[in-house]
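Here the structure is laid out as structure tokens; the discussion comes afterwards.
The values are calculated or read from the model by the stated rules, or taken from the named source; none is laboratory data. Remember, it's a predicted structure, so these values are computed and weren't measured experimentally. Please note: Cβ atoms are built from the backbone with ideal geometry, for glycine as well, and neighbour counts cover all protein chains shown. Areas reflect the complete protein model, heavy atoms only, side chains present, ligands, DNA and RNA absent. Shrake-Rupley method; radii C 1.70, N 1.55, O 1.52, S 1.80 Å.
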Amino acid sequence: MPLLDAAGIRAGYGDTEIIHGVDMRVDAGEVVTIIGPNGSGKSTMMKAIVGIVQASSGEIWFDGRRIDGLGADRRIPLGLCYVPQTDNVFPTLTITENLEMGGFLRSDRLDGRIREMFELFPDLAGKRNAKAGSLSGGQRQMMAVARALMLEPKLLLLDEPTAGLSPLLMETVFGMVRDINATGVAILMVEHNAKKALAISHRGYVLAVGEVRMENTGPELANDPQVGRLYLGSE
Amino acid sequence: MLEFLTAFAILIGIYSVFTLGLNVHWGYTGLFNIGVAGFFALGAYAASLLTIRPPSSDQVDDYLYAGDLANRLEGLPVIGALDVWFVAALMAASLVTAAVALVVGTITIRLRGDYLAIATLGIAESVRLVFLNERWLGNGSKGLYTIPRVFDGIVPAQDYDRVYLVVVLVVFAALFLGIRALVHSPWGRVLRAIREDEVTAEASGKHVFRFKLQAFVLGAVIMGIGGALYAFNLRAISPSAFTPLLGTFIIWAMLVVGGSGRLYAPIVGAFIVWGIWSGSQFLPDPLSSPNVRYFSVGVLVVLVLVYAPDGVTPLLSRVRERWTARRRLRRAVAEE
Amino acid sequence: MASAILRVRGLVMDFGGVRAVDNCSLNVDEGSITGLIGPNGAGKTTLFNLIAGFHKPTAGRVTFRGERIDGLPTYLVFRKGIVRTFQIPRELRRMSVLENLMLVPSDQAGESMWRAVAARWLVKRQERAIEAQAREVLEFTGLSEVADIPAEGLSGGQKKLLELARTLMARPRMVLLDEPGAGVNPTLLRRLVGGIRRAREELGITFLIIEHDMGLVMRLCDHVIVMSEGAVLTQGTPAAVQQDERVVRAYLGA
Amino acid sequence: MFFTARTMSSPAAARVSRVVQSTLAIVFVVVALSHIGLAVNGIFLGSILAMGAVGITLVFGVMRFANIAHGDMMTLGAYVAFFLLVSVLPEHTGLGPFTFGFPLLIAMPVSMAAVAALAVGMDVFVFRRLRLRRANIVTIEIASLGIAIAVRGFVQMVWGTPVRYFPNEGRAHFSLPADISIAPNHLFVSGAALALAIALHLLLTRTKQGKAMRATSDNPDLARASGINTERVLLWTWGIAGALAGAAGVLLVIFNATAQLKPTMGFQLLVPLFAAVVVGGIGNPYGAFIGAMLIGISMEVSTAWALPTYKPAIAFTVMVIVLLFRPRGILGSKG
């Protein structure tokens, strides 16, 4: 049974439908990447899964439960944590406080989990009492991911984690994605650095104009010339 | 009773003028001015200081009159039945408020809504404090109290209120028609566009700042004229009339209740709020306390904002529509 | 070969520490429909904002018909004849469609407070002319039936057409369209394409268009400029750009 | 916000601005030190302003609007304490060196609770409805103006318009060198204000609720995405702001040598309060504290030349001057 199973999702904003019936699944322990040209509905699909945008039709099952009717606040405790592309930290809170807010829903003591996060992200450990607003772009992205991991999610959703980062930092972020996955967390991410993201993914989806146009394993998609043609509309 | 109604109508007229000015600021342009009292005071003092008579010997105080100009202007001929000095006083009130609004507006209009509110409140309080403390300018807390009557010598003193009501209505009508013409003109169209979305207005090639400044000055001038009308009604003014409550809040209440951005809101709002304000004195004892007014008007504003955000005017026009529809129906039935 | 109506030279724009536009230079030919494409974050919308005067560039210059326009405030750029639209339509929701259009023409006599009251005959005559022009534009864009309803009542696609109509009202020389195709159904899209083509042919307007729907770009544009990381990566005919390996790499982040 | 970005962009202008800012700061310190007696009074006034300003700024942080009713909430707090002191609690004055008696120590927490309850009620019955309707910020602000007047009307209905007094007895001032004379009450006022400020600081930095308040103020969307119930955070914020307003109202009464109450006492403080909030950087509680001290000292020191009644105008002028050079206030960071 897949961890996440979305079928026939239609969603959009106001009277504009952006995605027109998308099927998507993520198995436990998988890294799955969604790529596609701008405006193809990647972020919208992700938001529909998290519950920030409500799907107008289709079903979403997570870990054996149907979740498409629930609000975002009721989906998080099930083990589904989301890192937005921008504004993804609390800038005037310290690193430690940001992590505590990430674990807001936990009733047990957070010290242990926070220590684990500092082991996973040693860069942050040295700055535990610094304001998140003072972090550099790459550190901020790690901070955001660490915040989302505080609830020990089964599935982590990342919306363009490398946006605005230098090539070197991109490598770091993708390395981080692999490390997190190694701890058993499944990851679904939207990326525009398609080649690099697919290289570390088990599977990938290519969206165009709100529909799934291709689905394959990561490495095969990465080497498929068809993908490039999809981007440039010569398909 | 007739006297009461006349006085009541005069104040509704004057408050309608203030509300008209505030409607230009907030209703049509989206400028959040909570310093109406400042322009009110400037207009009232400018008009009064120009026209005030020198104090008689029993009233002499140790302050200087800034103007003492009424005496000099009194010699001027009366054109038709119109007092030249009165018109001059209204113009002076307009000019003073326009000048202050131009300076204040140039500095503050670029501010975000709540900053603009704080700035206007601060300016209004500063104006009040100046008139309160600078005795040479406005006789301090005692204020000015020998303001002449309009048409003095022509109209008997006991008829003053009725005549003055006509004066107020004429001034209000002139301002109202002017505003109506402006609101329906391309100028008003630009203002409404700015109120809705400044970026779009800017992207349509409109110099947003200039339009906002014009609207700010225009609204302030109307408030200044209202202040002058107020001064010639009571013929005595003091800083206590220009507190944020009496000088600003009640006017906001009128605009909110009437429905901001609607042409008839000033009249409807002034009528309802002033009706509650001054009508409450006829209620049985505990309710007639003036303190009940503050409470009830405050609550009224909150209720209107929560339950009828567009104010009362649209409700009235809905009633009117239904009424005309029913009449049409009745006529149709009768014709059959 | 047509001459360039717009020249951008060495344009740089920094936001805080981020360089959104980095030494960007390009020409747009008069009377062309030029597409501006590129991956997310390539700086396309920032470039639009710089041309239209919403931002002042950190460095570089923009010339329009031989005149420097970088750093001019928006309303002055508008008066030079450059009009932009927004990715998300910014119609004036509570004003009627007709009013949305009638707002646009510059230098209306009635926009002066004094003349609006004192010279009403003049204002009225001008209003009639502007209304006639607005109705003509509504006809052109197929929005005549909805002229009198508040703009918030339009569908998403109709709002896109209204954006186009508003730009035409300005009698511009050049229009910057930001994603005209996003969220528009195929029927309205055909109307939009027809409208843009006719505006170019009949009114001689130059278009610079940001668009992600490559199908639309291929159909509509004579020339395509590809931006990547704040600068021009390559340019050429739609077909040539489509075959260019560098473009594919830019999109896929090789 | 005072000027568009264009005017302040060049590095030369920034350097000039820095020089002017430092000069102004030095002038401020020199003038304050040369009138040390007044400056000390300013610190006491500043502690009261701080209590009010911190409440306004906390609410602004999560709701993004400046609450005009805050001054009248202070007034209500003072009158609730007045009611308790004259009608409920035993009569006692002259506790230690202070003019008031031990009942005030009971009345003050009750006032704080009463005003906190009012503030929470305001949110539930008025602001939440407007919020759910996605009403314009200014509409919400006008509603707070309506509440301000209703609260004042309520105070006047119940207690009337004449001036009232807390039970009190005269007490000698402490005399210090350099012509400094300190009323014992003033020490109580600053002590209480400091204690409340420390309590608030601990709440905001040490408790889960407090951190959630700061998180919501920082980024409400992300707070919701972390499972924080932001509606409940708003109620907490209103409650704390209300309690601070209640305390500030009571302290404002005993700050005064004759311990008098007026229905307008809170509203009249609104301009200095807003000035303190804006000077410190709107939305930042620590900034509000600094702003309140700056405004309080300026207001008191100004009485060396200006009439004391001009104090609110002085507060406003200081605000304008600070905004000219630091459009987002001293500690302001957000736009």
Checklist entry - What number goes with the only condition from (1) within 21 Å of D:VAL19 (Cβ to Cβ); (2) over 20 Å from the mean Cα position of the chain (by Cα); (3) not aromatic (Phe, Trp, Tyr); (4) not in a helix (DSSP H, G or I) that D:ARG328 does not pass? => result (2)
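Please verify whether C:VAL146 is open to solvent by less than 60 Å² (accessible area, probe 1.4 Å), of a type in the set (Val, Ile, Thr) and under 21 Å from the mean Cα position of the chain (by Cα), treating the condition exactly as stated.
Values: open to solvent by less than 60 Å² (accessible area, probe 1.4 Å): yes; of a type in the set (Val, Ile, Thr): yes; under 21 Å from the mean Cα position of the chain (by Cα): no.
Considered against the rule, which asks whether it is open to solvent by less than 60 Å² (accessible area, probe 1.4 Å), of a type in the set (Val, Ile, Thr) and under 21 Å from the mean Cα position of the chain (by Cα), C:VAL146 comes out as no.
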Checklist outcome for this item: Taking region B:266-306 and the residues there that are surrounded by fewer than 16 Cβ atoms within 10 Å (Cβ to Cβ), in contact with a Ser or Thr (Cβ under 7 Å, 6 or more places away or on another chain) and within 14 Å of chain D (Cβ to nearest Cβ), the one that is farthest from D:MET122 (Cα to Cα) would be B:SER288
Item to check | Verdict on B:ILE222 being more than 9 Å from chain C (Cβ to nearest Cβ) and either open to solvent by 30 Å² or more (accessible area, probe 1.4 Å) or at pLDDT 95 or above (or both) | outcome: yes
Next on the checklist: Just the residues that are of a type in the set (Ser, Thr, Tyr) and either open to solvent by less than 60 Å² (accessible area, probe 1.4 Å) or over 21 Å from the mean Cα position of the chain (by Cα) (or both), please, taken from region B:106-158.
Outcome noted: B:THR106, B:THR108, B:TYR115, B:THR120, B:SER126, B:SER141, B:THR146
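Among the residues of region D:284-317, count how many are more than 11 Å from chain B (Cβ to nearest Cβ) and open to solvent by less than 30 Å² (accessible area, probe 1.4 Å). Working first, answer last.
First, the residues of region D:284-317 that are more than 11 Å from chain B (Cβ to nearest Cβ): D:284-305.
Okay, now just the ones that are also open to solvent by less than 30 Å² (accessible area, probe 1.4 Å), so D:285, D:287-288, D:291-292, D:295-302.
Counting residues in region D:284-317 that are more than 11 Å from chain B (Cβ to nearest Cβ) and open to solvent by less than 30 Å² (accessible area, probe 1.4 Å) gives 13.
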Checklist entry - So, of the residues in region C:201-236 that are open to solvent by less than 40 Å² (accessible area, probe 1.4 Å) and of a type in the set (S, T, N, Q), which turns out to be farthest from C:GLY157 (Cα to Cα)? => result C:THR234
Item to check | Members of region A:106-134 that are crowded, with 16+ Cβ neighbours inside 10 Å, in a loop (DSSP other than H, G, I, E, B) and either within 10 Å of another protein chain (Cβ to nearest Cβ) or among the hydrophobic types (A, V, I, L, M, F, W, C) (or both) | outcome: A:LEU110, A:PHE121
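Got at least one residue in region B:234-243 being open to solvent by less than 10 Å² (accessible area, probe 1.4 Å), more than 24 Å from B:VAL103 (Cα to Cα) and either away from every other protein chain (no Cβ under 12 Å) or without any contact (Cβ under 8 Å) to a residue 12 or more places away in the chain (or both)? Spell out the reasoning first.
Taking region B:234-243 first, the residues open to solvent by less than 10 Å² (accessible area, probe 1.4 Å) are B:237, B:239, B:242.
Those still in the list that are more than 24 Å from B:VAL103 (Cα to Cα) too: B:237.
From what's left, either away from every other protein chain (no Cβ under 12 Å) or without any contact (Cβ under 8 Å) to a residue 12 or more places away in the chain (or both): B:237.
Yes, that holds for at least one residue.
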Checklist entry - Inside region C:235-254, can you point out the residues that are away from chain A (no Cβ under 12 Å) and either among the β-branched types (Val, Ile, Thr) or more than 25 Å from the chain's Cα centre (by Cα) (or both)? => result C:THR237
Item to check | Of the criteria (1) part of a loop (DSSP other than H, G, I, E, B); (2) open to solvent by 40 Å² or more (accessible area, probe 1.4 Å); (3) among the β-branched types (Val, Ile, Thr), which one D:ILE321 fails | outcome: (1)
Item to check | First in region B:118-131 and over 19 Å from D:LEU323 (Cα atoms), second anywhere and open to solvent by 20 Å² or more (accessible area, probe 1.4 Å) and outside any helix (DSSP H, G or I), Cβ under 9 Å, 6 or more apart | outcome: B:ARG128/B:THR243; B:LEU129/D:LEU307; B:PHE131/B:SER238
Checklist entry - For region B:172-200, what are the residues that are open to solvent by 40 Å² or more (accessible area, probe 1.4 Å), hydrophobic (A, V, I, L, M, F, W, C) and at the interface with chain C (Cβ under 7 Å from one of its Cβ atoms)? => result B:VAL199
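Would you kindly identify the helices (runs of 4 or more DSSP H) lying entirely within region C:4-105 that contain at least 1 residues that are away from chain B (no Cβ under 11 Å)?
On the way: elements: C:44-52, C:74-80, C:97-102.
Qualifying helices (runs of 4 or more DSSP H): C:44-52, C:97-102.
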Checklist entry - Does A:ALA144 fit the bill of being more than 14 Å from chain C (Cβ to nearest Cβ), in contact (Cβ under 8 Å) with a residue 60 or more places away in the chain and within 22 Å of D:ASP218 (Cα to Cα)? => result yes
Checklist entry - Of all residues in region D:270-315, which are more than 12 Å from the chain's Cα centre (by Cα) and within 18 Å of D:GLY249 (Cα to Cα)? => result D:PRO312
Checklist entry - Limited to region C:32-65, what total is found for residues that are free of Cβ contacts under 8 Å to residues at least 60 places away in the same chain, crowded, with 22+ Cβ neighbours inside 10 Å and of a type outside the set (Val, Ile, Thr)? => result 3
Item to check | Which numbered condition C:ARG198 fails, given (1) within 28 Å of C:SER3 (Cα to Cα); (2) of a type in the set (Lys, Arg); (3) open to solvent by 60 Å² or more (accessible area, probe 1.4 Å); (4) within 10 Å of another protein chain (Cβ to nearest Cβ) | outcome: (4)
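Just wondering, is there one or more residues in region C:140-148 that are among the charged types (D, E, K, R), part of a helix (DSSP H, G or I), more than 22 Å from C:THR187 (Cβ to Cβ) and in contact with a Leu (Cβ under 9 Å, 6 or more places away or on another chain)? Quick ask: steps written out before the conclusion?
Applying the first criterion (among the charged types (D, E, K, R)) to region C:140-148 yields C:145, C:148.
Now drop any that are not part of a helix (DSSP H, G or I), which leaves C:145.
With more than 22 Å from C:THR187 (Cβ to Cβ) added as a condition, the list becomes none.
Looking for residues that are among the charged types (D, E, K, R), part of a helix (DSSP H, G or I), more than 22 Å from C:THR187 (Cβ to Cβ) and in contact with a Leu (Cβ under 9 Å, 6 or more places away or on another chain), one finds none in region C:140-148, hence no.
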Item to check | Lone qualifier among A:ILE60, A:ILE76, A:ILE52 - being assigned to a loop (DSSP other than H, G, I, E, B), over 28 Å from A:ARG229 (Cβ atoms) and more than 14 Å from chain C (Cβ to nearest Cβ) | outcome: A:ILE52
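Yes or no, residue by residue, for (1) touching a residue at least 40 places away in the same chain (Cβ under 8 Å); (2) under 26 Å from B:THR243 (Cα atoms); (3) buried (at least 18 other Cβ atoms within 10 Å of the Cβ):
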{"site": "D:PHE125", "(1), (2), (3)": "no, no, no"}
{"site": "D:ARG129", "(1), (2), (3)": "no, no, no"}
{"site": "D:ALA143", "(1), (2), (3)": "no, yes, yes"}
{"site": "D:ILE147", "(1), (2), (3)": "yes, yes, yes"}
{"site": "D:PHE154", "(1), (2), (3)": "yes, yes, yes"}
{"site": "D:GLU169", "(1), (2), (3)": "yes, no, no"}
{"site": "D:ALA183", "(1), (2), (3)": "yes, no, yes"}
{"site": "D:HIS186", "(1), (2), (3)": "yes, no, yes"}
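If you take the residues in region B:201-217 that are at the interface with chain C (Cβ under 7 Å from one of its Cβ atoms) and buried (at least 24 other Cβ atoms within 10 Å of the Cβ), which one is nearest to B:ALA92 (Cα to Cα)? Walk me through how you get there before you give the answer.
From region B:201-217, those at the interface with chain C (Cβ under 7 Å from one of its Cβ atoms) are B:202-207, B:214; that's our starting set.
Subset that is buried (at least 24 other Cβ atoms within 10 Å of the Cβ): B:203-204, B:206.
On the way: B:ALA203: 38, B:SER204: 37, B:LYS206: 31 Å.
Among residues in region B:201-217 that are at the interface with chain C (Cβ under 7 Å from one of its Cβ atoms) and buried (at least 24 other Cβ atoms within 10 Å of the Cβ), the one nearest to B:ALA92 (Cα to Cα) is B:LYS206.
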Checklist entry - Restricting the search to region B:102-141, which residues are facing another protein chain (nearest Cβ under 8 Å), more than 16 Å from D:PHE316 (Cα to Cα) and not in a helix (DSSP H, G or I)? => result B:ARG110, B:ARG112
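For every residue, the table says whether it meets (1) within 16 Å of A:ASN38 (Cβ to Cβ); (2) free of Cβ contacts under 8 Å to residues at least 12 places away in the same chain; (3) of a type in the set (Phe, Trp, Tyr); (4) surrounded by fewer than 17 Cβ atoms within 10 Å (Cβ to Cβ).
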position: A:GLU191; (1), (2), (3), (4): yes, no, no, no
position: A:LEU198; (1), (2), (3), (4): no, no, no, no
position: A:SER201; (1), (2), (3), (4): no, no, no, no
position: A:VAL206; (1), (2), (3), (4): yes, no, no, no
position: A:VAL212; (1), (2), (3), (4): no, no, no, no
position: A:GLU215; (1), (2), (3), (4): no, no, no, yes
position: A:GLN226; (1), (2), (3), (4): no, no, no, yes
position: A:LEU230; (1), (2), (3), (4): yes, no, no, no
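Among the residues of region A:80-97, write down those that are at the interface with chain D (Cβ under 8 Å from one of its Cβ atoms) and under 14 Å from A:ARG140 (Cβ atoms).
Step one: filter region A:80-97 for residues at the interface with chain D (Cβ under 8 Å from one of its Cβ atoms), giving A:82, A:84, A:87-93, A:97.
Across region A:80-97, the qualifying residues are A:PRO84, A:ASP87, A:ASN88, A:VAL89, A:PHE90, A:PRO91, A:THR92, A:LEU93.
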